[in-house]
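J.: Dropping the structure in here first, questions after.
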Amino acid sequence: MYAEEIRELSAKHGVSFLSHKAPGGFITNFDTFKTRIGSMNKMSSFIDTDAFESLTKKEQMIHKRKLAKAQKVYE
């Protein structure tokens, strides 16, 4: 309902947000989620490097799928 407005505001202020239902344990395991968001950001920047291009197509596909899954939960 307000997903687009929330997405725009979070992009404007550089804040992460959840676009879907919050995963179980989000509050109690916040440190884990914080780590996962950090690894998602690292994976995203890795995909833009030349090292990613040197991987096999299968390895590239695996990394892209992991990133897509993480982005679905943590935007």
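J.: Can you name every residue in the stretch 3-31 that is of a type outside the set (Gly, Ala, Ser), surrounded by 12 or more Cβ atoms within 10 Å (Cβ to Cβ) and at pLDDT 80 or above?
T.: Across the stretch 3-31, the qualifying residues are Ile6, Arg7, Leu9, Asn29.
J.: Can I ask one more? Restricting to the stretch 42-61, what's the tally of residues that are in a loop (DSSP other than H, G, I, E, B) and of a type in the set (A, V, I, L, M, F, W, C)?
T.: 1
J.: Which of the residues belonging to the stretch 9-41 are aromatic (Phe, Trp, Tyr) and assigned to a loop (DSSP other than H, G, I, E, B)?
T.: Phe17, Phe26
J.: Shifting gears a bit: Run Val73 past the list (1) at pLDDT 85 or above; (2) in contact with a Leu (Cβ under 8 Å, 6 or more places away or on another chain) and report the number of the one that doesn't hold.
T.: Every condition holds for Val73 apart from (1).
The values are calculated or read from the model by the stated rules, or taken from the named source; none is laboratory data. Worth saying up front: this structure is predicted, and the values here are computed from it rather than measured. Here Cβ is always computed from backbone atoms with ideal geometry, including for glycine, and neighbour counts include all displayed protein chains.
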